[in-house]
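The values are calculated or read from the model by the stated rules, or taken from the named source; none is laboratory data. Computed from a prediction, not measured in an experiment: that's the story for all the values here. Positions of Cβ are backbone-derived with ideal geometry, glycine not excepted, and every protein chain shown enters the neighbour counts. Just so you know, the surface numbers come from the protein's heavy atoms only, side chains and all, with ligands and any DNA or RNA stripped out. Shrake-Rupley method; radii C 1.70, N 1.55, O 1.52, S 1.80 Å.
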Amino acid sequence: MPVPIAEAVSPRRLIRDEVFIRLLDAIVDGDLTPGEQLYDAEIEKWVGVSRTPVREALNQLAAMGLVEIMPQKRTRVTPIDPVRLRALIDTVGSLMTGVVRDATSLLTDDDRDALRAFKERVGDGTEMADLVRERVLTDGFINVFVRRLDNRTIAKLFTRRLPEVRRALIAAPTSNAFTKGAPHAKAAVDAAVAGNGVKAANAIAEFWTKGLVTVVDEFATKAVPTVKEGR
């Protein structure tokens, strides 16, 4: 498991949080691939910490569904399972639909500007994987509504479940999910900016059910790369 190159732990963060963030980013971005075995000693050397915070971070990631821990056997990055992914996308999509419906009337001018900026970057959807990787889809679109709704329980659910969705979208074999979803994402922005919560919610529902969910079929019909050669 050659670990990604990174700087040592920042003293401004708690050690366990730093380890968690480093591992989370590496898994979501694909530096640590689905099915890849993880070794405590290598992670300790990479991040420059002791075993305890490494174990704590791995347990957090396991609770999020991104790591599998088999005591006395192995710890690995969780493979992408199409059945689990479909259920996850359905759940997050339904939750997002309600958030958009309820938060649209609360949007500020700055929120609407952020949504317009997101729409401009969407284009035809072929480059949306970069928006996912750069967190533009999350911070410039999804979180605009989540922050404005200001519901801690919902915010925690998104924090816990979105990384797994992001990982699958970044690892998707093609951009089909994005090209199919782009028109609906744009429609959701237009409706939200116009203050029509119901229309925005309907559009966001189609963004998930007619766009992003199609990535599940791609993983079901095409073998997903797991452990990289030489690891």
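For the stretch 24-37, the set of residues classified as touching a helix residue (DSSP H, G or I) at 6+ places or on another chain (Cβ under 8 Å) and open to solvent by less than 10 Å² (accessible area, probe 1.4 Å) consists of ILE27, VAL28, LEU32, listed by residue number.
For the stretch 98-112, what are the residues that are open to solvent by less than 30 Å² (accessible area, probe 1.4 Å) and in a helix (DSSP H, G or I)? Steps first, please.
Residues of the stretch 98-112 that are open to solvent by less than 30 Å² (accessible area, probe 1.4 Å), as a first pass: 98-100, 103-104, 107, 111.
The answer is GLY98, VAL99, VAL100, ALA103, THR104, ASP111.
Residues that are of a type in the set (Gly, Ala, Ser) and within 17 Å of ARG74 (Cα to Cα) were ranked within the stretch 1-58; the one that is modelled with the lowest pLDDT is ALA41. Evaluate the following for ARG160: is it at pLDDT 90 or above and open to solvent by 30 Å² or more (accessible area, probe 1.4 Å)? For ARG160, the condition - at pLDDT 90 or above and open to solvent by 30 Å² or more (accessible area, probe 1.4 Å) - is met.
Among the residues of the stretch 180-189, are any among the hydrophobic types (A, V, I, L, M, F, W, C), surrounded by 17 or more Cβ atoms within 10 Å (Cβ to Cβ), under 27 Å from GLN60 (Cβ atoms) and in contact (Cβ under 8 Å) with a residue 12 or more places away in the chain? Checking the stretch 180-189: not a single residue is among the hydrophobic types (A, V, I, L, M, F, W, C), surrounded by 17 or more Cβ atoms within 10 Å (Cβ to Cβ), under 27 Å from GLN60 (Cβ atoms) and in contact (Cβ under 8 Å) with a residue 12 or more places away in the chain.
Looking at the stretch 141-157, which of the residues that are under 26 Å from ASP113 (Cβ atoms) and aliphatic (A, V, I, L, M) is surrounded by the fewest Cβ atoms within 10 Å (Cβ to Cβ)?
Kept after step one, since they are under 26 Å from ASP113 (Cβ atoms), are these residues of the stretch 141-157: 141-152, 154-155.
Cutting the leftovers down to aliphatic (A, V, I, L, M) gives us 142, 144, 146, 149, 154-155.
Numbers: ILE142: 21, VAL144: 24, VAL146: 22, LEU149: 17, ILE154: 18, ALA155: 15.
For the stretch 141-157, the residue satisfying everything is ALA155.
If the condition is being free of Cβ contacts under 8 Å to residues at least 40 places away in the same chain and hydrophobic (A, V, I, L, M, F, W, C), then the stretch 64-96 contributes ILE69, MET70, VAL83, ALA87. In the stretch 113-227, counting only helices (runs of 4 or more DSSP H) that sit wholly within it, the ones holding 3 or more residues that are under 22 Å from VAL67 (Cα atoms) span 152-171, 214-221. Checked across the stretch 125-145, the condition of being at pLDDT below 95, out of contact with any Phe, Trp or Tyr (no Cβ under 8 Å at 6 or more places or on another chain) and closer than 25 Å to GLU56 by Cβ holds for at least one residue.
Would you mind finding the one in ALA87, ALA117 that is small (Gly, Ala, Ser), open to solvent by 20 Å² or more (accessible area, probe 1.4 Å) and more than 16 Å from the chain's Cα centre (by Cα)?
Working: ALA87 fails: more than 16 Å from the chain's Cα centre (by Cα).
Being small (Gly, Ala, Ser), open to solvent by 20 Å² or more (accessible area, probe 1.4 Å) and more than 16 Å from the chain's Cα centre (by Cα) holds for just one of ALA87, ALA117, which is ALA117.
Within the stretch 22-81, being under 23 Å from GLU134 (Cα atoms) and part of a strand (DSSP E or B) holds for VAL67, VAL77.
Listed by first and then second residue, the pairs linking a residue in the stretch 147-173 that is within 18 Å of PHE20 (Cβ to Cβ) to a residue that is assigned to a loop (DSSP other than H, G, I, E, B) and among the hydrophobic types (A, V, I, L, M, F, W, C), with Cβ atoms under 8 Å apart and 6 or more places separating them unless they lie on different chains, are ARG160/MET64; ARG161/MET64; PRO163/MET64; PRO163/LEU66; GLU164/MET64; GLU164/LEU66; ARG167/LEU66; ARG167/ILE80.
Within the stretch 57-75, how many residues are closer than 15 Å to ARG167 by Cα and buried (at least 16 other Cβ atoms within 10 Å of the Cβ)? Matching residues across the stretch 57-75 total 5.
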